[in-house]
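Asks: The structure is given below, and queries will be raised subsequently.
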Amino acid sequence: MSGVLASRRVLLCVTGGIAAYKACEVVSRLRKLGAQVRVMMTEHAAQFVGPATFEALSGNPVGCAMFDGESAWEIRHIRWPQEADLVLVAPATANAMAKAAAGVADDLVTSALLAAKCPVLLAPAMNSAMWRHPATQANLHTLLSRGLKTVGPDTGALACGESGEGRMAEPEEIVQAACALLCPRADLAGKRVLVTAGPTREAVDPVRFLTNRSSGKMGYALAEAAQARGACVTLVTGPVALTPPEGVSVVRVETTQDLYDAVLSRAGEQDIIIQAAAPADFTAKCAPQKIKKHGDEPLVLTLYPTPDIARAVGAQRREGQFIVAFAAETENLLENARAKLHRKGASLIVANDVTHEGAGFETDTNVAALVTERGVTQLPLMTKRALADRILDEYVSGADS
């Protein structure tokens, strides 16, 4: 078998969560790319998916109990991780993350994590409350500070019947993250990339503001993808509930004017500017005190246009600079995107119909069309991280042509 991961060795560690069934597809995808895969499981994981399944998918024996099959010449919890090019934990439960952060080694998987000398990638999966718990977040911070990487979690339906953050990333996204660690791309090395993300807020009074539903996920995915490909990345972000990617320079803003000032003051030195933020189009004069209701009387606000950041960036675009803008539309998608391409002086418009299932705000996926002077490329439903790389590919292909 040949592929982009030919001769690369992956140790997949499966811990005890319902998302263990997704690990089967992860194995399959890795092998299709040419990777050699070994699987270790906790005893709890084996309650969800049997070892025989992973043996069939990987073509290798599976490690479960600490001492089953041990011999003097093959101590699996030492040998397997030290022979691997990547250790991937999917799913990584809250319990597994807590043990790893504390250095506990009471089973095959946690012992292997202590012995690993290669990169370690975690795909967290758990209930939203467990993910948000301060203990889990502290453990996450500890693991990241030691150099471990993460992919996900995503937001969506959970096994408990709730919906929220904590859903394990999809196998496609996990394998893509594994590929980035095993075969890092450096096609943006030395390039300076500025990415904007999230919404802006326009104060109406001391407690209220105008904003929109942007979560910042697309912009953060773009910053992560550009940094992974060797770029020097500046992320200008509005107020979002996301952790910035490691290794990027972060500038936090609140209002559209703040965003305008942050972008325009840095635009001239950038090779690529990607405007994934969703700035408020209107602002209001902020009342000095909280506005009170007066019976059934309507409240009238006078709204004023905010600065047009994309047009200002396009107007001062220098030769060779690649400018990306987004068009979130509810109708006439391509017509509006083509008009915006010329009006904003952009190199590329990423257009998406926010009414399309799986696209738009607050989702982990998107359905987009890439609109340039050369034409339109319609993309299928994909994760925002995958779309981020596809957008960056447009710059690379243009630079190579």
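The values are calculated or read from the model by the stated rules, or taken from the named source; none is laboratory data. Just so it is clear, the model here is predicted, and its values are computed rather than measured. FYI the Cβ positions are ideal-geometry reconstructions off the backbone, even for glycines, and counts take in every protein chain you see. Just so you know, the surface numbers come from the protein's heavy atoms only, side chains and all, with ligands and any DNA or RNA stripped out. Shrake-Rupley method; radii C 1.70, N 1.55, O 1.52, S 1.80 Å.
Asks: Accessible area per residue of segment 274-401 at 1.4 Å probe, in Å²?
Replies: 55 Å²
Asks: Which entries of K22/K191; K149/K191; K32/K149; K149/K340 have Cα-Cα distances beyond 32 Å here?
Replies: K22/K191; K149/K340
Asks: In the chain, what percent of the accessible surface is made up of carbon and sulfur (1.4 Å probe, ligands and nucleic acids excluded)?
Replies: Here carbon and sulfur together make up 52 percent of the probe-accessible area.
Asks: Is segment 329-401 rounded, prolate or oblate when judged by the Cα gyration tensor, a ≥ b ≥ c being the square roots of its eigenvalues, rounded requiring a/c under 1.5 and prolate requiring a/b larger than b/c?
Replies: Oblate, because a/c is 1.5 or more while a/b does not exceed b/c.
Asks: In the set (i) 77, 60, 34; (ii) 62, 44, 43; (iii) 86, 54, 35, which value of Cα extents along the principal axes in Å was calculated from the structure you see?
Replies: Given (i) 77, 60, 34; (ii) 62, 44, 43; (iii) 86, 54, 35, the structure-derived one carries the label (i).
Asks: Still on this structure, please answer the following. Considering only DSSP states other than H, G, I, E and B, which GluC sites (Glu not before Pro) in segment 133-200 qualify as loop sites with at most 15 other Cβ atoms within 10 Å?
Replies: Answer in residue order: E162.
Asks: Still on this structure: Rank A45, L12, Q137 by how far each Cα sits towards the positive end of the charge dipole of the chain (+1 on Lys, Arg Cβ; -1 on Asp, Glu Cβ) and give me just the farthest.
Replies: Q137
Asks: Separate question: Which angle from 0 to 90°, rounded to the nearest 10, does the C-alpha axis of helix 384-400 make with the longest principal axis of the chain?
Replies: Helix 384-400 and the main axis of the chain meet at about 70 degrees.
Asks: Which GluC sites (Glu not before Pro) in segment 290-359 sit in a loop by DSSP (not H, G, I, E or B) and have at most 12 other Cβ atoms within 10 Å of their own Cβ?
Replies: E319, E331, E357
Asks: Could you provide, to the nearest whole Å², the per residue accessible area of segment 140-201 with probe 1.4 Å?
Replies: Ligands and nucleic acids excluded, the figure is 43 Å² per residue.
Asks: Exactly which trypsin sites (Lys or Arg not before Pro) in segment 47-153 are in a DSSP loop and have at most 13 other Cβ atoms within 10 Å?
Replies: For trypsin sites (Lys or Arg not before Pro) across segment 47-153 that sit outside H, G, I, E and B with at most 13 neighbouring Cβ atoms in 10 Å, the list reads K117, R146.
Asks: What's the angle, to the nearest 10 degrees (0 to 90), between helix 333-343's Cα axis and the longest principal axis of the chain?
Replies: 60 degrees
Asks: Divide the volume of the convex hull of the Cα atoms of segment 164-292 by its number of residues and quote the answer in cubic angstrom per residue.
Replies: 120 Å³
Asks: Label 7 Å along Cα→Cβ of R9; segment 83-113 residues with amide nitrogen under 14 Å?
Replies: 83-88
Asks: Taking the Cα-to-Cβ direction at E25 and at S265 and moving 7 Å from each Cα, how far apart do the two end points lie in nm?
Replies: 4.5 nm
Asks: Would you list, by chain and number, the lysines whose Cα falls below 28 Å from the Cα of K285, excluding same-chain residues fewer than 8 positions away?
Replies: Leaving aside lysines fewer than 8 places away in the same chain, those within reach of K285 are K293, K344.
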